[in-house]
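The values are calculated or read from the model by the stated rules, or taken from the named source; none is laboratory data. Treat the numbers as computed from the prediction; the structure is a model and nothing was measured. In this analysis, Cβ positions are derived from the backbone assuming ideal geometry, glycine residues included, and neighbour counts consider all displayed protein chains.
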Amino acid sequence: MSSEIEVIKNSFYELFRVNYKDVKGKKRYFKDLENLSGTVIRICTKGKGLYYYNSEEYVFFEEGDLIICNEFYFNSILVLTRECKLDVFRIKDCSLLETLNNKIKKKEYRRIKIYNLKKVLFEIEKALKIEDKELTFFKLLLDVIFYLGERKNNIGFNYLNDKNFMDILIYIDSNIDRRITVSDVEKEFKTYNKVLKEQFKKYLGIFPSEYILNQKLTKAAILLKTTDYKISYISDILSFSSPSAFTLIFKRKFKESPSNYRRK
């Protein structure tokens with residue numbers, strides 16, 4: 001048996017992409033990842049298995065399952081298929097932690113099924129460039145949190161069944177640093193502004209302009225933490241009207257200026 005672990009770290013999360021390959025026999029036990037204290041999100045993207053807490057407590061998972069743990073520790077994992085892939089997020093960002101902590105008590109886990117998870121992972125990763133890998137997973141993480149917060153309103157991953165709308169999201173995400181506008185989306189998909197607004201309100205509860213702005217700010221936050229680009233350059237490539245306007249909008253969302261955010 002071999003296992004591969006890819007690690008991505010930034011100020012929002014630590015991501016461990018674990019792939020258990022060529023598992024011999026029907027059952028194999030492995031030690032869980034170490035140093036996973038705090039709030040952890042585990043997403044199974046392939047295969048089946050069990051997480052063990054003790055001899056009486058365990059959590060079964062399969063492809064499409066999401067497990068959120070808040071200070072709840074697993075000791076080992078039992079892999080039930082020849083291959084098992086897991087994306088494990090350890091949350092670091094305070095605002096994300098606050099959102100998740102409101103959904104789950106301390107020393108507790110919660111298991112949720114996300115339908116079409118494989119499709120969303122494939123489509124997002126296919127659309128984004130390799131240097132945008134952190135943004136890819138940050139978007140997935142935000143989608144998961146948004147889904148948890150809005151389930152009662154039936155807003156969340158329902159849009160995955162609408163291929164046209166999925167293509168629109170992929171188009172926006174792929175062109176977020178190319179001065180994309182709502183008008184560009186309308187022209188690309190030969191649709192009207194009213195129809196586009198109705199789709200975004202139906203599936204995400206926001207207007208298309210809000211979605212584009214949120215994606216720009218997400219991209220800006222990643223660039224601030226992972227590059228030494230000047231703030232004026234980030235403002236320009238993400239098509240804000242000026243560095244001062246970018247700073248004002250960024251501060252409104254993240255509660256601090258881009259320069260202070262970068263230094264933290």
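Odds and ends about this structure:
- Subset of the range 216-264 (residues that are closer than 19 Å to Asp173 by Cβ and assigned to a loop (DSSP other than H, G, I, E, B)): Thr227, Leu238, Ser239, Phe240
- Residues satisfying the criterion are present in the range 191-210 (criterion: farther than 27 Å from Ser242 by Cα, part of a loop (DSSP other than H, G, I, E, B) and under 17 Å from the mean Cα position of the chain (by Cα)).
- Qualifying residue in the range 201-221 (condition: farther than 24 Å from Leu96 by Cβ and of a type in the set (Ser, Thr, Tyr)): no
- Asp177 vs. criteria surrounded by 15 or more Cβ atoms within 10 Å (Cβ to Cβ), closer than 23 Å to Leu141 by Cβ, out of contact with any His (no Cβ under 6 Å at 6 or more places or on another chain) and not assigned by TED's automatic domain parsing to the domain that holds Ile8: yes
- Scanning the range 85-116 for residues that are among the polar types (S, T, N, Q) and in contact with a strand residue (DSSP E or B) (Cβ under 8 Å, 6 or more places away or on another chain) gives a single hit, Asn101.
- Close pairs (6 angstrom Cβ cut-off, 6 or more residues apart or separate chains): free of Cβ contacts under 8 Å to residues at least 12 places away in the same chain and in the same structural domain as Thr226 (by TED's automatic domain parsing) in the range 244-264, β-branched (Val, Ile, Thr) and in a helix (DSSP H, G or I) anywhere: Ser257/Thr247
- In the range 197-222, residue modelled with the highest pLDDT [restricted to those that are under 12 Å from Thr181 (Cα atoms) and surrounded by fewer than 16 Cβ atoms within 10 Å (Cβ to Cβ)]: Ser209
- Taking the criterion of being buried (at least 21 other Cβ atoms within 10 Å of the Cβ), farther than 21 Å from Ser183 by Cβ and in contact with a Pro (Cβ under 9 Å, 6 or more places away or on another chain), the residues of the range 223-257 that qualify are Leu224, Ile234, Phe250.
- Residue within the range 44-66 that is touching a Gly at 6+ places or on another chain (Cβ under 9 Å), surrounded by fewer than 16 Cβ atoms within 10 Å (Cβ to Cβ), in a strand (DSSP E or B) and modelled with pLDDT of 75 or more present: yes
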